[in-house]
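> The structure that follows is given in the form of structure tokens.
The values are calculated or read from the model by the stated rules, or taken from the named source; none is laboratory data. Values in this document were obtained by computation on a predicted structure and should not be read as measured data. Glycine gets a Cβ as well: all are built from the backbone with ideal geometry, and neighbour counts include every protein chain shown. Calculation scope for accessible area: heavy atoms of the full protein, side chains included, ligands and nucleic acids excluded. Shrake-Rupley method; radii C 1.70, N 1.55, O 1.52, S 1.80 Å.
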Amino acid sequence: MKKKIYEEEAFFPAEGDIPELLVKDIPFVMDKYLAGGTLKVWEGPYREVFSPVLARAGAGVVERSIGRCPLMTEKESLEALQYAKGAFDNGRGEWPAMTAEGRMGCMEEFLSRMVLERDRVTHLLMWEIGKSVGDAQTEFDRTVNYVRGVMGALREAKKNRSLVLTGHNMAGRIGRAPLGVVLCMGPFNYPLFETFTGLASGLLTGNTVVFKLPRFGSLLYGPLFELFRDSFPPGVVNVISGEGKRIIPPLLATGMVDGLAFIGTSGVAAYLRGLHPKPQRLRCVLGLEAKNPAIILSDADLDLVVPESVKGALAFNGQRCAALKIFFVHTSLVEPFLERFSRALADIEFGMPWEEGVFVTPLVEPGKPRYLADLMEDAVGRGARLMNEGGGTIWGTFFHPALLFPVTPAMRVYHEEQFGPLIPVVPYDDLEVPVRYVTESSYGQQASVFGKDKDRLRSLVDCLVHQVSRVNINCQCQRSPDTAPFTGRKDSAEGSLSVSDAATAFTTPFFVASRDTEADVEIVDVLIRERER
């Protein structure tokens, strides 16, 4: 399974090398779309979907088409928005007026049918974004568990909510109401899970949604359209697909979108918010860039550091906002750290997504291997060295993980979020070097600190919590558990869609008040209880 070869044509599979179970899932043509509770036949142009898994052909390799996805226009985009707006009906529609338990019942019906599509969805994940079979299955299962976790959190929040507030001869109860229409835009690296964090949070709290399929990771939704249609009232869930720059601006420009769940770059997020005529009315939950550092102190245990660093830097090819993207290593540990990390890279399994145990796979973004090579060449040209055999080798869509040392502020990779299997290492003597890096960075999602001295760790944590939203001690950066807040400071995030935050992300509090008399308090109590049962 491990490819100890450096020829592109020998790395990618011939047709006969692909498991028959996977071949039957492609090509997948998404010839219908969901709007207003109806599966409509798409009669317009399509976008051809190509896999990062290239096909061996003769002496070389070629792109493999795995399906087609609708290229919608402003017309279909605005139509979806009108359906969502009508279904919400200023809070009087069937969905927002439904009890919380009623909405959860619809979601449970959806999940019970969704789990039956697990194989098809995970196979399409593997084909379209190159996610390994284990990671694809984990993403699917995590999505289902997340939605059920949100339902549990909503029940708990309702149970724990204070019944009556009194004071100044007044009494009343606090409740929460949905915003209206939520637009969900998920990323390519977790196209199912991250899209569903916005989708489930919005739906279960009574909002209607329009969600745009990710550019990469869109085909996997095809098997779910019928489930959405059958599980939710008409117009509650609407799907759009196509070029974001064409179909999203008209939606936001209407002012009819009340919530935005978006994962991408801070520049795009600012642009999208600016399209809304009343941006202060647009509730945004944003997952944006990150350049998470690992700070390895002089007393760190390398037996722990290296495995955590490899996983943190290279899980799903480093294509995670929560990946470790730069390493600050004390000079006393640099030599053994590099030697162990290089040895670990030599032992990594890389290959096709369906091969059991594979850790590094082809990259889905066109031009990404060349971009990583440019970063690497810039660093080498400014004094860095490649520390592992084969590092930076490109085979079509595959980029062999590369360990760079020593990296300095003069190099692009010191500043830019590489979002791929390129590992920059910065030596330091003075702890102020990594501290200054984190303090001056535009990003502030997470950091990992490796060491043993409690006083030094305490001092470092006291500094870092004012710069990033999560500090990891002797472990990699990551999102889990989903019950913990997942957010960031600076340009890395806004809001959180963790399980515990889902009840408030796309709702607003309201207060129904009365005179503090027994009769009026009873009326208020009954009204709110009925609304939230």
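> Let me confirm something: among ALA503, ALA447, ALA484, which residue is assigned to a helix (DSSP H, G or I) and either in contact with a strand residue (DSSP E or B) (Cβ under 8 Å, 6 or more places away or on another chain) or surrounded by fewer than 21 Cβ atoms within 10 Å (Cβ to Cβ) (or both)?
Just a single option satisfies the conditions, and that option is ALA503.
> A follow-up question, please. Here are LEU203, LEU154, LEU199, LEU183: which of them is aliphatic (A, V, I, L, M) and open to solvent by 10 Å² or more (accessible area, probe 1.4 Å)? Write out each step before concluding.
Working: LEU203 fails: open to solvent by 10 Å² or more (accessible area, probe 1.4 Å); LEU199 fails: open to solvent by 10 Å² or more (accessible area, probe 1.4 Å); LEU183 fails: open to solvent by 10 Å² or more (accessible area, probe 1.4 Å).
Exactly one residue qualifies, and that residue is LEU154.
> So which residues in region 506-520 are under 18 Å from VAL181 (Cβ atoms) and either open to solvent by less than 40 Å² (accessible area, probe 1.4 Å) or among the small types (Gly, Ala, Ser) (or both), if there are any at all? First the steps, then the outcome.
Filtering region 506-520 down to residues under 18 Å from VAL181 (Cβ atoms) leaves 506-508.
Within region 506-520, PHE506, THR507 meet the criteria.
> Go through region 29-81 residue by residue and tally those that are assigned to a strand (DSSP E or B) and hydrophobic (A, V, I, L, M, F, W, C). First the steps, then the outcome.
Going through region 29-81, the residues assigned to a strand (DSSP E or B) turn out to be 29, 32-35, 38-41, 46-57, 60-70.
Now drop any that are not hydrophobic (A, V, I, L, M, F, W, C), which leaves 29, 34-35, 39, 41, 49-50, 53-55, 57, 61-62, 66, 69.
Matching residues across region 29-81 total 15.
> While we're looking at this one, here's another question. Look through ALA171, ALA200, ALA177 and report the one residue that is under 23 Å from the mean Cα position of the chain (by Cα) and either touching a residue at least 40 places away in the same chain (Cβ under 8 Å) or farther than 27 Å from LYS85 by Cβ (or both). Show your work before the answer.
Details: ALA171 fails: under 23 Å from the mean Cα position of the chain (by Cα); ALA177 fails: under 23 Å from the mean Cα position of the chain (by Cα).
None of the others qualify; the one that does is ALA200.
> Right, next: Just checking, how many residues over region 265-312 are of a type in the set (Asp, Glu), touching a helix residue (DSSP H, G or I) at 6+ places or on another chain (Cβ under 7 Å) and over 20 Å from SER469 (Cβ atoms)? Talk me through it step by step, then tell me what you get.
Looking only at region 265-312, we keep the residues that are of a type in the set (Asp, Glu), and these are 289, 299, 301, 303, 308.
From what is left, the residues that are touching a helix residue (DSSP H, G or I) at 6+ places or on another chain (Cβ under 7 Å) are 289.
With over 20 Å from SER469 (Cβ atoms) added as a condition, the list becomes none.
Summing the residues that are of a type in the set (Asp, Glu), touching a helix residue (DSSP H, G or I) at 6+ places or on another chain (Cβ under 7 Å) and over 20 Å from SER469 (Cβ atoms) in region 265-312 gives 0.
> Further question on the same structure: Do you know which of the residues in region 413-433 that are under 13 Å from LYS325 (Cβ atoms) and part of a helix (DSSP H, G or I) is most open to solvent (accessible area, probe 1.4 Å)? It would help to see each step written out before you state the result.
So the first thing to find is which residues in region 413-433 are under 13 Å from LYS325 (Cβ atoms), and the list is 413-426.
Of the ones still in play, those that are also part of a helix (DSSP H, G or I) are 413-415.
On the way: VAL413: 0, TYR414: 21, HIS415: 102 Å².
Among them, the one singled out is HIS415.
> Surrounded by fewer than 24 Cβ atoms within 10 Å (Cβ to Cβ) and aromatic (Phe, Trp, Tyr): which single residue out of PHE225, PHE211 fits that description? Quick ask: steps written out before the conclusion?
Numbers: PHE211 fails: surrounded by fewer than 24 Cβ atoms within 10 Å (Cβ to Cβ).
Result of the check over PHE225, PHE211: PHE225.
> Right, something else. Would you confirm, using the coordinates I've provided, whether ALA270 is of a type in the set (A, V, I, L, M, F, W, C), under 21 Å from the mean Cα position of the chain (by Cα) and crowded, with 16+ Cβ neighbours inside 10 Å? Can you show your working first?
On the way: of a type in the set (A, V, I, L, M, F, W, C): yes; under 21 Å from the mean Cα position of the chain (by Cα): yes; crowded, with 16+ Cβ neighbours inside 10 Å: no.
Here the answer is no, as ALA270 does not meet what is asked.
> Taking the stated definitions as given, is LEU304 open to solvent by less than 10 Å² (accessible area, probe 1.4 Å) and either part of a helix (DSSP H, G or I) or within 20 Å of LEU213 (Cβ to Cβ) (or both)? Write out each step before concluding.
Values: open to solvent by less than 10 Å² (accessible area, probe 1.4 Å): no; either part of a helix (DSSP H, G or I) or within 20 Å of LEU213 (Cβ to Cβ) (or both): yes.
So LEU304 does not fit the description; no.
> Can you name the residue in region 73-132 that is over 30 Å from TRP354 (Cα atoms) and of a type in the set (Val, Ile, Thr) and, of all such residues, is nearest to the chain's Cα centre (by Cα)?
THR73
> Taking the stated definitions as given, is ALA484 modelled with pLDDT under 95 and in contact with a Ser or Thr (Cβ under 9 Å, 6 or more places away or on another chain)? Working first, answer last.
Numbers: modelled with pLDDT under 95: yes; in contact with a Ser or Thr (Cβ under 9 Å, 6 or more places away or on another chain): yes.
So ALA484 fits the description; yes.
> Hey, another quick one. Which residues, taken from region 217-261, are closer than 23 Å to ASP25 by Cα, over 19 Å from the mean Cα position of the chain (by Cα) and in a loop (DSSP other than H, G, I, E, B)?
GLY242
> Let me ask another. What tally of residues in region 73-97 results from selecting those that are in contact with a strand residue (DSSP E or B) (Cβ under 9 Å, 6 or more places away or on another chain) and open to solvent by less than 60 Å² (accessible area, probe 1.4 Å)?
13
> Related question: Which of (1) modelled with pLDDT under 95; (2) farther than 15 Å from PHE419 by Cα does PRO366 not meet, given it meets every other one?
Against the list (1) modelled with pLDDT under 95; (2) farther than 15 Å from PHE419 by Cα, PRO366 comes up short only on (2).
> What number of residues within region 12-42 are closer than 21 Å to PHE228 by Cβ and among the charged types (D, E, K, R)?
First, pick out the residues of region 12-42 that are closer than 21 Å to PHE228 by Cβ: 25, 28-42.
Subsequent filtering for residues that are among the charged types (D, E, K, R) retains 25, 31-32, 40.
Matching residues across region 12-42 total 4.
> Tell me which residues, restricted to region 375-396, are assigned to a loop (DSSP other than H, G, I, E, B) and either of a type outside the set (Ser, Thr, Tyr) or open to solvent by less than 30 Å² (accessible area, probe 1.4 Å) (or both).
Taking region 375-396 first, the residues assigned to a loop (DSSP other than H, G, I, E, B) are 382-384, 387-393, 396.
Matches in region 375-396: ARG382, GLY383, ALA384, MET387, ASN388, GLU389, GLY390, GLY391, GLY392, GLY396.
> Determine if region 98-109 includes at least one residue that is at pLDDT below 95, open to solvent by less than 50 Å² (accessible area, probe 1.4 Å) and assigned to a loop (DSSP other than H, G, I, E, B).
Checking region 98-109: at least one residue is at pLDDT below 95, open to solvent by less than 50 Å² (accessible area, probe 1.4 Å) and assigned to a loop (DSSP other than H, G, I, E, B).
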